[in-house]
Amino acid sequence: MKEIETIAENENYTAVNIGSLDKLMDYSLLHPKTQKEVEGKVFVQDATRATGTEISFQSLPPKRELSYFHIHYQNEETYIILKGSGDFQVDDDSFPISEGSIIRVAPAGVRGMRNSSDEPMVYMVIQSKEGSLEQRTFVDGERVACEPKWK
């Protein structure tokens with residue numbers, strides 16, 4: 001199983017590299033509930049020490065579907081399709097997805113997807129507690145003076 005590479009870190013950040021998205025199948029994990037191996041998926045919360053989101057990347061082989069539909073109890077998920085095409089289902093609605101598609105699903109939404117193409121589908125999922133975003137980007141911050149170190 002491939003390991004996530006830590007690039008740099010201090011008390012204010014953690015930078016990691018999962019490598020080329022074409023090599024996601026090098027990752028695998030043991031599903032904590034089913035105890036089955038899940039190939040082509042990597043979670044980055046622990047590696048980045050994130051405290052408010054869970055982010056995962058996955059490669060779904062051609063002509064395959066996720067092996068189950070699921071819900072969450074507290075967390076909404078945002079799926080971002082980076083490569084490939086297929087179909088996504090939430091509850092009784094099914095619709096086509098492709099590179100650039102972004103789907104937010106509320107916790108109670110019954111979700112699943114399939115790759116209907118002849119190419120691997122690569123996507124990321126951002127999971128966070130529903131309703132937890134209290135401020136938007138422009139309100140939750142300010143500009144500060146800083147000299148770029150890359151010059």
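In region 19-36, how many residues are surrounded by fewer than 12 Cβ atoms within 10 Å (Cβ to Cβ) and over 18 Å from Pro120 (Cβ atoms)?
Let us first name the residues in region 19-36 that are surrounded by fewer than 12 Cβ atoms within 10 Å (Cβ to Cβ), namely 20, 22, 30, 32-36.
This time we only want the ones that are over 18 Å from Pro120 (Cβ atoms), so: 30, 32-36.
The qualifying residues number 6.
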Subset of region 59-88 that is closer than 17 Å to Glu99 by Cα and small (Gly, Ala, Ser) - its residue that is surrounded by the most Cβ atoms within 10 Å (Cβ to Cβ): Ser59
Considering only residues that are surrounded by 11 or more Cβ atoms within 10 Å (Cβ to Cβ) and either under 25 Å from Tyr68 (Cβ atoms) or within 15 Å of the chain's Cα centre (by Cα) (or both), which ones fall in region 5-18? Val16, Ile18
Sort out for me the strands (runs of 3 or more DSSP E) sitting completely within region 94-151 that have 2 or more residues that are open to solvent by 70 Å² or more (accessible area, probe 1.4 Å). 102-105
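So if I check each of Asp118, Asp92, which one is without any contact (Cβ under 8 Å) to a residue 40 or more places away in the chain and over 16 Å from the mean Cα position of the chain (by Cα)?
Numbers: Asp118 fails: without any contact (Cβ under 8 Å) to a residue 40 or more places away in the chain.
Every option except Asp92 fails the conditions.
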What is the one condition in (1) touching a strand residue (DSSP E or B) at 6+ places or on another chain (Cβ under 6 Å); (2) under 23 Å from Tyr27 (Cα atoms) that Ala50 does not satisfy? (1)
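The values are calculated or read from the model by the stated rules, or taken from the named source; none is laboratory data. All values reported here derive from a predicted model rather than from experimental measurement. In this analysis, Cβ positions are derived from the backbone assuming ideal geometry, glycine residues included, and neighbour counts consider all displayed protein chains. When the accessible area is computed, the model is the full protein with side chains, heavy atoms only, and any ligands, DNA or RNA have been set aside. Shrake-Rupley method; radii C 1.70, N 1.55, O 1.52, S 1.80 Å.
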